[in-house]
Structure formats: C-alpha cells, structure tokens
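Q: First the structure, which I've put down as structure tokens, then a few questions once you've had a look.
The values are calculated or read from the model by the stated rules, or taken from the named source; none is laboratory data. The structure presented is a predicted model; accordingly, all values stated were derived computationally and were not measured. Cβ coordinates were reconstructed from backbone atoms using ideal geometry, including for glycine residues, and neighbour counts include every protein chain displayed. Quick note on the areas: whole protein, heavy atoms, side chains included, nothing else; ligands and nucleic acids left out. Shrake-Rupley method; radii C 1.70, N 1.55, O 1.52, S 1.80 Å.
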Amino acid sequence: MAAVSGPAHWYYRGTPSMRLVHRAIEGRWGRAVARWTRRTRISAVGWDPPPSPPWELVHKIAPTPLLIVHGTADRYFPLRHAHALYESAADPRALWIEPGMGHAESSMTPALVRRLGAWLREPSVPPVSPPA
C-alpha cells in the first residue's frame, strides 16, 4: 500500500491552502463555488461520528507493506504529517521524502511514478529515498 501526501489528522488548518479548503467545505458559498468551479458537490453534513485520525489507525495496515511518500514542497500538509504517519505505522513500512515535490499525484514526476510502481510490484525490496 502507498500513501501519497496523506494527512496524519483531520481538520488540519495549518497552511493557507488547507484554510481555503476548509472555507470551501464549511460554508454554503464555498460549497457553491466548489460546485460551480470544480464540478464537485460537497455535503453540508459533517462526519457523524468523526472518523479516527489516520495516525491512530495506520498501524492496522500491517502486515501489509506500507510506503509513505511526501514532498518537501507540499502546500497542504507539512512534512510532520508524513513523519507522524511513519512513526505510528508498524513494520514493514518505508518513508520517501521527495525534494521539491508538491501535493499528491499531480506533482509527481514520471520517474517517481515508475519508482512507486516498482515498489508496489515488489514491496519486499527496501525502498530508498533519494538523498535530500
């Protein structure tokens, strides 16, 4: 299993990008703008009950190998999210910190996509992050 640019906890508002996301999600006008500009419908009903934070559950993935990939230029979630997930995960686990990578799949290079695909096909091979 691979997690790319994943949050360690919900309701994070520590970056301008996430504050904007929450403004869109939580307000009627924000949801309307998201529907019109992004063709995305967002329910006005929140989680009931709220799910547990990812860092509390990530250890349950084991014994399935887990790879956490996170970029140093992620505008949504800082590196501490990746480190919290990695520290809470059980082995087998790996962490790739990608220099210059932004948020999620849209910022991945073709080379990183190939590396990720190779790891997913053969997760028993220890993943190695490029030097930072």
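Q: If R19 passes every condition in (1) within 19 Å of the chain's Cα centre (by Cα); (2) without any contact (Cβ under 8 Å) to a residue 40 or more places away in the chain; (3) open to solvent by 50 Å² or more (accessible area, probe 1.4 Å); (4) farther than 21 Å from S107 by Cα but one, which one does it miss?
A: (4)
Q: Do we have any residue at all in the stretch 50-63 that's surrounded by 13 or more Cβ atoms within 10 Å (Cβ to Cβ) and more than 23 Å from Y11 (Cβ to Cβ)?
A: There is at least one residue in the stretch 50-63 that is surrounded by 13 or more Cβ atoms within 10 Å (Cβ to Cβ) and more than 23 Å from Y11 (Cβ to Cβ).
Q: Open to solvent by less than 30 Å² (accessible area, probe 1.4 Å) and either in contact with a strand residue (DSSP E or B) (Cβ under 9 Å, 6 or more places away or on another chain) or closer than 22 Å to A3 by Cβ (or both), is that true of H81? First the steps, then the outcome.
A: Working: open to solvent by less than 30 Å² (accessible area, probe 1.4 Å): yes; either in contact with a strand residue (DSSP E or B) (Cβ under 9 Å, 6 or more places away or on another chain) or closer than 22 Å to A3 by Cβ (or both): yes.
Answer is yes for this residue.
Okay, residues lined up against (1) outside any strand (DSSP E or B); (2) at pLDDT below 95:
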position	(1), (2)
V69	no, no
D74	yes, no
A82	yes, no
M101	yes, no
S106	yes, yes
R114	yes, yes
L120	yes, yes
S124	yes, yes
P130	yes, yes
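Q: Out of all the residues in the stretch 7-25, which are in a helix (DSSP H, G or I) and of a type in the set (S, T, Y)? Explain how you work it out, then say what you get.
A: Start the filter on the stretch 7-25 by keeping residues that are in a helix (DSSP H, G or I), which leaves 16-25.
Once the filter is applied, which keeps residues that are in a helix (DSSP H, G or I) and of a type in the set (S, T, Y), the stretch 7-25 yields only S17.
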